[in-house]
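Step one of this worksheet: look at the structure below.
The values are calculated or read from the model by the stated rules, or taken from the named source; none is laboratory data. Because the structure is a prediction, the values reported are computed rather than measured. So basically every Cβ, Gly included, is an ideal-geometry build from the backbone, and we count neighbours across all protein chains shown. The protein model used for the area step is the full one, side chains on, heavy atoms only, and it has no ligands, DNA or RNA in it. Shrake-Rupley method; radii C 1.70, N 1.55, O 1.52, S 1.80 Å.
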Amino acid sequence: MKPLIHDDFLLRNRTAVRLYHQYSENQPIIDYHCHLSPAMIAEDSQFSDLGQAWLEGDHYKWRAMRTNGIPGKYCNGDATSKEKFMKWAETVPATIGNPLYHWTHLELARYFNIFETLNPSTAALIFDKTSALLQTKEFSIRSLMRKMNVEVVCTTDDPTDSLENHRQMKGSFDITVLPAFRPDNVIKTDDPEKFRNYISKLELSGGTPIRNFESLIETLEIRHKFFHENGARLSDHGMDRFYFASFTPAEVDKIFKKLLRGEPVSEEENEKYRTAVMLELCRMNHKRGWVQQFHVGAIRNNNSRMFRIMGPDTGWDSIGAPQDALKMSRFLDALDNTDQLTKTILYNLNPADNEMMLTMAGNFNDGTMPVKVQFGAAWWFLDQKTGMDKHLRDLSSFGLLRRFVGMVTDSRSFLSYPRHEYFRRVVCNFIGEEVEKGFIPADDDLLKPLIEGVSYRNAKEYFGFNK
């Protein structure tokens with residue numbers, strides 16, 4: 001029987017096969033948005049076994065396991081690593097149709113040369129073989145990244161981070177690992193005590209007192225400059241939605257001082273504060289020529305009981321309502337109106353927003369550069385074949401597929417790089433189908449730059465990694 005993972009996996013026509021193997025397969029990987037641990041890269045850590053490598057921090061797998069009736073102790077609880085792996089192996093056959101099924105077997109094939117499907121009958125042998133390999137130096141964190149032909153990685157880092165691990169890696173690793181600025185905690189005002197504690201932490205990192213809104217922005221500017229000096233060229237903003245409300249400096253200062261005192265603020269006040277902070281952060285991004293990314297549309301921590309037990313990022317998030325297009329428009333326009341809108345990537349979690357966000361991006365492409373504002377890769381729940389196909393079709397219809405910067409892993413797992421291969425195969429199959437239907441010319445002068453661009457070159461150019 002033909003294995004699931006083979007040379008032409010997901011490639012359903014001759015043109016797709018040719019495009020993938022000639023122009024996409026061997027391109028390096030630029031992973032410009034992920035949640036990998038800089039400390040583990042700096043230390044060149046090793047996993048003790050595949051259970052640890054796969055199941056620590058992977059809320060995608062935890063969610064599937066719990067849905068399959070697996071108790072939480074086998075996800076991020078106190079079960080042994082092997083017990084967790086065996087429960088994951090029990091779940092894998094139930095994930096058919098879910099991207100986890102394909103990702104699991106791509107990872108087994110690409111890292112470990114294992115082409116058997118994972119299930120309860122194969123689990124013990126696979127666990128033993130992979131765990132033995134993971135304990136060798138050829139399977140350290142850095143070696144795993146080299147094995148996947150990774151060229152650039154951008155981690156996700158809080159403004160208060162010392163970036164010690166990034167500095168430690170500089171000049172000692174042949175793969176470029178850069179920090180990315182993620183200041184979400186500055187607008188998380190729903191829990192007054194947590195907010196005040198965070199501002200105290202930010203105050204220490206900036207080395208100056210934060211007593212009013214002006215000093216808050218001054219401290220963020222200090223940290224933004226520090227990140228820039230340590231190689232950061234991207235910011236990332238994970239928000240439920242875009243914020244916008246008119247405000248005066250006096251109003252925002254008064255609201256921030258209330259927050260510092262732990263006093264409750266109204267929804268209107270929250271909106272004004274968040275708008276003001278986000279505008280200032282985006283102006284910093286423009287000042288230093290960074291690319292800014294907006295990931296919007298998630299409803300996080302829906303299950304309050306499990307959030308209390310497990311905390312954030314453990315698999316209790318879902319797709320939110322469609323975005324408020326007017327607020328998004330007014331926010332972007334406020335920056336563009338003073339010519340302070342930097343390169344911007346918009347990611348949505350609700351597929352109902354595809355067409356709106358694509359046409360919104362077009363409003364702010366002023367001809368000064370290619371795709372100054374663009375629609376980001378299919379993200380999170382949309383990061384699967386059906387979601388990618390819709391994303392590619394919508395992007396082709398409303399934007400410029402030729403300029404698309406391509407895939408990100410958005411992952412906490414060092415074994416997730418085959419997701420780039422998965423994406424590239426989907427892209428080549430999509431283009432191949434269009435060629436064979438006669439909708440795109442079978443002209444390699446047209447197809448080669450398209451496939452190479454979306455696979456690798458567009459990201460390298462857009463983010464300035466070619467300099």
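Only one of (1) surrounded by fewer than 17 Cβ atoms within 10 Å (Cβ to Cβ); (2) part of a helix (DSSP H, G or I) fails for H102. Which number is that?
Checking H102 against (1) surrounded by fewer than 17 Cβ atoms within 10 Å (Cβ to Cβ); (2) part of a helix (DSSP H, G or I), the one that fails is (1).
Any residue at all in the stretch 297-314 that is crowded, with 17+ Cβ neighbours inside 10 Å and among the aromatic types (F, W, Y)?
no
Which of the residues belonging to the stretch 118-148 are outside any helix (DSSP H, G or I), surrounded by fewer than 19 Cβ atoms within 10 Å (Cβ to Cβ) and among the polar types (S, T, N, Q)?
N119, S121, T122, Q135, T136, listed by residue number.
For the stretch 230-250, state whether one or more residues are farther than 25 Å from G289 by Cβ and assigned to a helix (DSSP H, G or I). Show your work before the answer.
Of all residues in the stretch 230-250, those farther than 25 Å from G289 by Cβ come to 240-241, 245-250.
When the remaining residues are screened for being assigned to a helix (DSSP H, G or I), the result is 249-250.
Checked against the condition, which is being farther than 25 Å from G289 by Cβ and assigned to a helix (DSSP H, G or I), the stretch 230-250 yields at least one hit.
Quick one: in the stretch 164-187, of everything that is in a loop (DSSP other than H, G, I, E, B) and open to solvent by 20 Å² or more (accessible area, probe 1.4 Å), which residue is nearest to Y273 (Cα to Cα)? So that I can check it myself, show each step before the final result.
Going through the stretch 164-187, the residues in a loop (DSSP other than H, G, I, E, B) turn out to be 170-175, 179-180, 182-183.
If we keep only those that are open to solvent by 20 Å² or more (accessible area, probe 1.4 Å) as well, we get 170-174, 182.
Values: K170: 37, G171: 41, S172: 42, F173: 41, D174: 42, R182: 18 Å.
Going through the qualifying residues, I end up with R182.
Take the residues of the stretch 335-350 that are open to solvent by less than 50 Å² (accessible area, probe 1.4 Å) and in contact with a helix residue (DSSP H, G or I) (Cβ under 6 Å, 6 or more places away or on another chain): which is nearest to I319 (Cα to Cα)?
This residue is L349.
Just the residues that are open to solvent by less than 40 Å² (accessible area, probe 1.4 Å) and more than 21 Å from the chain's Cα centre (by Cα), please, taken from the stretch 218-237.
T219, L220, R223
To keep it simple, each residue is scored yes or no on (1) within 26 Å of S235 (Cα to Cα); (2) basic (K, R); (3) modelled with pLDDT under 95; (4) surrounded by fewer than 23 Cβ atoms within 10 Å (Cβ to Cβ).
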{"residue": "R412", "(1), (2), (3), (4)": "yes, yes, yes, yes"}
{"residue": "F430", "(1), (2), (3), (4)": "no, no, no, yes"}
{"residue": "E433", "(1), (2), (3), (4)": "no, no, no, yes"}
{"residue": "K437", "(1), (2), (3), (4)": "no, yes, no, yes"}
{"residue": "D444", "(1), (2), (3), (4)": "no, no, no, yes"}
{"residue": "K448", "(1), (2), (3), (4)": "no, yes, no, yes"}
{"residue": "E452", "(1), (2), (3), (4)": "yes, no, no, yes"}
{"residue": "Y456", "(1), (2), (3), (4)": "yes, no, no, no"}
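Hey, can you tell me all the residues within the stretch 391-403 that are open to solvent by less than 20 Å² (accessible area, probe 1.4 Å) and touching a strand residue (DSSP E or B) at 6+ places or on another chain (Cβ under 7 Å)?
L395
Listed residues Y23, Y32; which is open to solvent by less than 10 Å² (accessible area, probe 1.4 Å) and within 29 Å of E461 (Cβ to Cβ)?
Numbers: Y23 fails: open to solvent by less than 10 Å² (accessible area, probe 1.4 Å).
Y32 is the lone residue from the list that is open to solvent by less than 10 Å² (accessible area, probe 1.4 Å) and within 29 Å of E461 (Cβ to Cβ).
Among residues belonging to the stretch 28-45 that are touching a strand residue (DSSP E or B) at 6+ places or on another chain (Cβ under 9 Å) and part of a loop (DSSP other than H, G, I, E, B), point out the one that is nearest to A132 (Cα to Cα). Don't jump to the end; show me each part of the working.
Keep residues of the stretch 28-45 that are touching a strand residue (DSSP E or B) at 6+ places or on another chain (Cβ under 9 Å), which gives 28-34, 36, 38, 41-42.
Checking which are part of a loop (DSSP other than H, G, I, E, B) leaves us with 28, 32-34, 36.
Details: P28: 27, Y32: 31, H33: 30, C34: 27, L36: 23 Å.
Filtering first and then ranking leaves L36.
Give me the residue from the stretch 238-295 that is open to solvent by 20 Å² or more (accessible area, probe 1.4 Å) and among the β-branched types (V, I, T) and, out of that set, farthest from Q374 (Cα to Cα).
V265
All but one of (1) in a helix (DSSP H, G or I); (2) open to solvent by 50 Å² or more (accessible area, probe 1.4 Å); (3) more than 24 Å from W379 (Cβ to Cβ) hold for S48; state the number of the condition that does not hold.
Every condition holds for S48 apart from (1).
Which one of these is in contact with a Ser or Thr (Cβ under 8 Å, 6 or more places away or on another chain) and under 27 Å from Y347 (Cβ atoms): N270, N230?
None of the others qualify; the one that does is N270.
Give the residue that is surrounded by the fewest Cβ atoms within 10 Å (Cβ to Cβ), with candidates limited to residues of the stretch 361-390 that are over 21 Å from the mean Cα position of the chain (by Cα) and in a helix (DSSP H, G or I).
Pass one, the stretch 361-390, residues over 21 Å from the mean Cα position of the chain (by Cα): 362-370.
Applying the additional criterion that residues be in a helix (DSSP H, G or I) yields 362-363.
Values: G362: 15, N363: 13.
Among residues in the stretch 361-390 that are over 21 Å from the mean Cα position of the chain (by Cα) and in a helix (DSSP H, G or I), the one surrounded by the fewest Cβ atoms within 10 Å (Cβ to Cβ) is N363.
Inside the stretch 188-217, can you point out the residues that are of a type outside the set (K, R), assigned to a helix (DSSP H, G or I), loosely packed, with under 15 Cβ neighbours inside 10 Å and without any contact (Cβ under 8 Å) to a residue 24 or more places away in the chain? Can you show your working first?
We begin by selecting, within the stretch 188-217, every residue of a type outside the set (K, R); these are 189-193, 195, 197-200, 202-210, 212-217.
Subset that is assigned to a helix (DSSP H, G or I): 192-193, 195, 197-200, 202-206, 213-217.
Those left that are additionally loosely packed, with under 15 Cβ neighbours inside 10 Å: 193, 197, 200, 204, 214.
Selection gives N197, S200.
What pairs come up if the first residue lies in the stretch 66-92 and is free of Cβ contacts under 8 Å to residues at least 12 places away in the same chain, the second is crowded, with 19+ Cβ neighbours inside 10 Å, and their beta carbons are under 6 Å apart, counting only those six or more places apart or on different chains?
Pairs that qualify, where the first residue is free of Cβ contacts under 8 Å to residues at least 12 places away in the same chain and the partner is crowded, with 19+ Cβ neighbours inside 10 Å, are K73/A79.
Looking at the stretch 69-87 only, could you name the residues that are assigned to a loop (DSSP other than H, G, I, E, B) and either out of contact with any helix residue (DSSP H, G or I) (no Cβ under 6 Å at 6 or more places or on another chain) or surrounded by fewer than 12 Cβ atoms within 10 Å (Cβ to Cβ) (or both)? Lay out the reasoning, then the answer.
Initially, the stretch 69-87 is screened for residues assigned to a loop (DSSP other than H, G, I, E, B), giving 69-71, 75-80.
Residues satisfying the conditions are G69, P71, N76, G77, D78, T80.
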